[in-house]
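Undergrad: Take a look at this one; I'll ask things after.
Just so you know, all these numbers are worked out from the coordinates, no wet-lab data involved. Bear in mind the structure is a predicted one, so any value in this text is a computation, not a measurement. Cβ sites come from the backbone with ideal geometry, for glycine too, and all protein chains shown count toward neighbours.
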Amino acid sequence: MENKKKHWENIYQTKELKDVSWYQAKPTTSLEFLEEFNVAKSAKIIDVGGGDSFFVDHLIELGYSDITVLDISETALERAKMRLGEKASAVKWIVADAAKFIPTEKYDFWHDRAAFHFLTEETEIKNYIDTIKNYLNLNGVLVVGTFSETGPTKCSGIEIKQYSEVSISERLSQFFKKIKCVTVDHQTPFNTIQNFIFCSFKKISTSI
């Protein structure tokens, strides 16, 4: 949706990195899942809704060599590229709406911190889940972080869909086996707290 893209371009054109609620210097929870699954350095990793977050910086520092970052905002990705400098050339950058994204390759580790909860229409949710099902390798790992049922109901002025461990597991259970869920209190740059639920899954379906 063009209005959605325009909204996010405006956010990234008018706000500094530390002026957005999702800012975190070190994405500790995401990195812990990466370590827990002992993801190989050669694994194909995609960060959906990565924007100009620091997850990609840490992946590069850890020696990962096949990294893709996707975001609906071209401005966000350009900011990340500028921050990374020469290192940015080692990353694949994709401007796309997660709900409409059609990959050209399969992935071993699919990371989504706070993109999934912006999908509130059934068709968007189904399309996105089908895409992950089709483009995550068998036994590949999916890590999804969303606002919990005690977290915010909006982000950047947009309604989101809250999840619990039960609801997100049920939503994904047809194609993915839940491994672990944790709740995390994210402290924003404005000293407010946002409660997240992070869950990891393994792919169990081979259909495409």
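Undergrad: No partner Cβ under 4.7 angstrom, meaning no disulfide-compatible partner by this rule: which Cys of the chain qualify?
TA: Lacking a cysteine Cβ partner under 4.7 Å: CYS155.
Undergrad: Here's another thing I want to ask about it. Please label the shape of the stretch 37-121 as rounded, prolate or oblate, based on the square roots a ≥ b ≥ c of the eigenvalues of the alpha-carbon gyration tensor (a/c under 1.5 means rounded; beyond that, a/b larger than b/c means prolate, else oblate).
TA: It comes out oblate by the Cα gyration axes.
Undergrad: Arranged by the count of other C-beta atoms within 10 angstrom, fewest first, what order do LYS161, LYS5 take?
TA: Going from least to most buried by this count: LYS5, LYS161.
Undergrad: For the cross-link pairs LYS15/LYS177; LYS87/LYS202; LYS41/LYS92, which exceed 26 Å when the distance is taken from alpha carbon to alpha carbon?
TA: Beyond 26 Å between Cα atoms: LYS15/LYS177; LYS87/LYS202.
Undergrad: Around PHE201, under 15 Å between beta carbons, what's the net of Lys plus Arg minus Asp minus Glu among the other residues?
TA: So the environment of PHE201 carries a net charge of +2.
Undergrad: Going by C-beta contacts inside 10 Å, put HIS186, HIS58 in order with the fewest on the left.
TA: Ascending Cβ contact count within 10 Å gives the list HIS58, HIS186.
Undergrad: How many percent of DSSP beta bridges within the chain run antiparallel, rounded to 5?
TA: 50
Undergrad: Sticking with this structure for a sec: Fewest first, what order do TRP8, TRP110 take by the number of other Cβ atoms within 10 Å?
TA: Fewest-to-most Cβ neighbours within 10 Å comes out as TRP8, TRP110.
Undergrad: Place +1 on the Cβ of every Lys and Arg and -1 on the Cβ of every Asp and Glu in the chain, take the dipole about the Cα centre, and give the residue among ILE179, TYR128, ALA76 whose Cα lies farthest towards its positive end.
TA: ILE179
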